[in-house]
Each structure stands twice: as C-alpha cells, then as structure tokens.
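Chemist: Structure incoming, see below.
The values are calculated or read from the model by the stated rules, or taken from the named source; none is laboratory data. This is a predicted model, so every value here is computed, not measured. Using ideal geometry, Cβ is built from the backbone for each residue, glycine included, and neighbour counts are taken over all protein chains shown.
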Amino acid sequence: MTTEELFCRRAVVSGFALIYWAGVWVQARRIRKHIGRAPNLKPRGAKEQLLWLGWLLVIAAWMGQGFLVKAASDSAWRQLSGQFLHAPGLALGVALTLAGYAGTIWCYVIMGDAWRVGIDRAEKNSLVTRGPYRVVRHPIYLFQVVMLAGAVLLLPTVIAVLALLVHLVCVLIKAVDEEKYLLTVHGETYRAYLARTGRLFPKFF
C-alpha cells in the first residue's frame, strides 16, 4: 500500500469521526433551541456514566486510530491488515462510512424534536415509527456500527476492532434501557412495535 492510500484511509476514518460527532453536537444544540432545554445530555446514574465512559473511549479511538497506524513498510501492519489493504477493502470501507453517516442524517430528520441522548423518565415523548424506525428500533445505533465497521475495513487494527466491540456492547445495553422506558410510556402500542421490529437489525422471521 502506498503512503497516499494510507493517508486516504486515515483521512476518511478520523475525518468522518470528527464530522460525525461534530454533527451530534450541532444536533443537540438544534434540539435545545427548539425545545428550550438540553436533550438529556447529562448521564443519569452509575450505569449511564459507565456507558458514557465507554463511548468516550470509542470516540477517542475512532478519531485517533489513524494517527497510531504505522507506515505501510511495517511488516506487522502488513500482516494485520492483510487482504483489506487492497482496493476492495478501501472501497467498501468508504461506502460503509458514507452509508452510515447518510443513515444517521436520515434518522435526525425523521425523529425531529423527539431526538434525545439520554433517558428522562419524567418525559413522555411521542413514538417515532416512520422511515428506518419502521423496521429497526434503534437505527442510529445501527448506523454508528456500520461506520465503525467501515473503519475496521479501512484501518484493520486491534484498536479499530476493540472500538467496534465496545461500542456494540454499549449500544445494546442502552437500547434495552430505552425499550424498558418506552414500554412504561407507550404500553401495548410499544409492545406491538417490539414484536414487529428488530433491535439493531430488521426482523426477517
């Protein structure tokens, strides 16, 4: 792999990580302006604090891993990356990154002012079931996983794989908590929604 291709991979991974989380900040400010308060940004309780710590580690790894990858001449790097150094790995990694980001923007549009970061059990939000929410209950988390999978293809390192796995564990825990909360808000309507949708992936059976 040439130095130019390595630079391209680093730029896509770290650049889109920065763009993604800057977009989350912009989204949070937009929602705050619309509803007159923060969209539950402060973690509530020990579990949410641990989840936030996990996500901070994921964000740091996502943004910084491109700077930790050694030059292409390093034999250990060549062994670890293997076949993913070739053009198909680059193309698929970029495609997943772009698809994940586009999907996230789609979710923002569909959710509108119902978008939140954390859970406020005193709040009673409307149930969003349009767009990607028709088939998946947590599509934003799914699209984050897609982007991190793209990062693994672009920079297949131990750091990239660990970031993906830690993020997956965090979003599954968070998704379960959100579902328990929404059951208390929407009752049987949400129970029926649970039956026909998948948590992170569409339900085919």
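Chemist: Considering region 9-30 alone, what residues qualify as being aromatic (Phe, Trp, Tyr) and surrounded by fewer than 13 Cβ atoms within 10 Å (Cβ to Cβ)?
Modeler: TRP25
Chemist: Which of the residues spanning region 31-56 are surrounded by fewer than 15 Cβ atoms within 10 Å (Cβ to Cβ), under 19 Å from ILE173 (Cβ atoms) and either free of Cβ contacts under 8 Å to residues at least 12 places away in the same chain or in contact with a His (Cβ under 9 Å, 6 or more places away or on another chain) (or both)?
Modeler: GLY45, ALA46, GLN49, LEU50, LEU53, LEU56
Chemist: Report those helices (runs of 4 or more DSSP H) wholly inside region 99-205 carrying at least 3 residues which are closer than 19 Å to ALA60 by Cβ.
Modeler: So the answer is 139-154, 158-186.
Chemist: Hey, can you tell me all the residues within region 165-202 that are without any contact (Cβ under 8 Å) to a residue 12 or more places away in the chain, touching a helix residue (DSSP H, G or I) at 6+ places or on another chain (Cβ under 8 Å) and over 18 Å from GLU123 (Cβ atoms)?
Modeler: ARG191
Chemist: Restricting the search to region 118-164, which residues are β-branched (Val, Ile, Thr) and touching a residue at least 12 places away in the same chain (Cβ under 8 Å)?
Modeler: ILE119, VAL128, THR129, VAL135, VAL136, ILE140, VAL145, VAL146, VAL152, THR157, VAL158, ILE159
Chemist: Can you pull out the residues in region 62-103 that are in contact with a Pro (Cβ under 8 Å, 6 or more places away or on another chain), modelled with pLDDT of 65 or more and over 12 Å from ARG9 (Cα atoms)?
Modeler: Of everything in region 62-103, just one residue is in contact with a Pro (Cβ under 8 Å, 6 or more places away or on another chain), modelled with pLDDT of 65 or more and over 12 Å from ARG9 (Cα atoms), namely GLY103.
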